[in-house]
1. Does any residue of region 61-79 turn out to be over 34 Å from the mean Cα position of the chain (by Cα), surrounded by 10 or more Cβ atoms within 10 Å (Cβ to Cβ) and either closer than 30 Å to residue 157 by Cα or modelled with pLDDT under 75 (or both)?
2. Being out of contact with any helix residue (DSSP H, G or I) (no Cβ under 8 Å at 6 or more places or on another chain), outside any helix (DSSP H, G or I), free of Cβ contacts under 8 Å to residues at least 60 places away in the same chain and crowded, with 19+ Cβ neighbours inside 10 Å is the requirement here; does residue 120 meet it?
3. Out of region 191-212, which residues are modelled with pLDDT of 85 or more and either in contact with a helix residue (DSSP H, G or I) (Cβ under 7 Å, 6 or more places away or on another chain) or more than 17 Å from residue 97 (Cα to Cα) (or both)?
4. Name the residues in region 230-247 that are assigned to a helix (DSSP H, G or I), in contact with a strand residue (DSSP E or B) (Cβ under 8 Å, 6 or more places away or on another chain) and buried (at least 18 other Cβ atoms within 10 Å of the Cβ), would you?
5. For region 176-206, how many residues are touching a residue at least 40 places away in the same chain (Cβ under 8 Å) and more than 19 Å from residue 135 (Cα to Cα)?
């Protein structure tokens, strides 16, 4: 009796790629466990926030924002008062420089309409309402009122407007700029003579001008800045305890 023919079985290992009829098939993509089970690849899970996690995050951010808001508001207020103090110093030095350059009196006076077509000095206004700087070719004032400078742009004096500063307040910060109590010589104007010194315009102009301006905001005396005008026409700014002592009060 003829013995049955032996069949030879060829095993294909998982790491050998098999090229089929329709394209390559890489068997190594399939993994087998040690027990022989086939493990198919698993797609990655999509990570994200759950609703409770999102709510907790929003609450934490709200708390941090509430803590930072006062500090940020205080920072803005500090920047504003420093900027205005620097602007005032710049204005005084501009007037002094123009007096030296033009070889004539240059006056700064407070005004209720500094940005008008024809602004005017106004003794009823406050310094924070605005001020103007002009070449005072015809210095005049009422001797009975120490500070009553007059801007006369028309003929025959033709005085020249050098700078018009609008009101310091813009609705966001409440600033006040006032001379210190008792400093009456700078109550309404400051006038520079050709030598660069400050002198009153009354009589012969021999009356010296000096004093302290107080720049305050809603925080009061704790954040006051003072601008001290010397007899030589120079201005220096102070803050902190020195300014508080010099100012005495706000406004």
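1. Just the residues of region 61-79 that are over 34 Å from the mean Cα position of the chain (by Cα), to begin with: none.
No, the conditions are met nowhere in region 61-79.
2. Values: out of contact with any helix residue (DSSP H, G or I) (no Cβ under 8 Å at 6 or more places or on another chain): yes; outside any helix (DSSP H, G or I): yes; free of Cβ contacts under 8 Å to residues at least 60 places away in the same chain: yes; crowded, with 19+ Cβ neighbours inside 10 Å: no.
No, not satisfied.
3. Filtering region 191-212 down to residues modelled with pLDDT of 85 or more leaves 191-200, 208-212.
Selection gives 192, 193, 194, 196, 200, 208, 209, 210, 211, 212.
4. If the condition is that a residue be assigned to a helix (DSSP H, G or I), in contact with a strand residue (DSSP E or B) (Cβ under 8 Å, 6 or more places away or on another chain) and buried (at least 18 other Cβ atoms within 10 Å of the Cβ), then 243, 247 are the ones that fit.
5. Counting residues in region 176-206 that are touching a residue at least 40 places away in the same chain (Cβ under 8 Å) and more than 19 Å from residue 135 (Cα to Cα) gives 7.
The values are calculated or read from the model by the stated rules, or taken from the named source; none is laboratory data. Keep in mind that this is a model prediction, so the values were computed, not measured. Cβ atoms come from the backbone with ideal geometry, glycine included; neighbour counts cover every protein chain shown.
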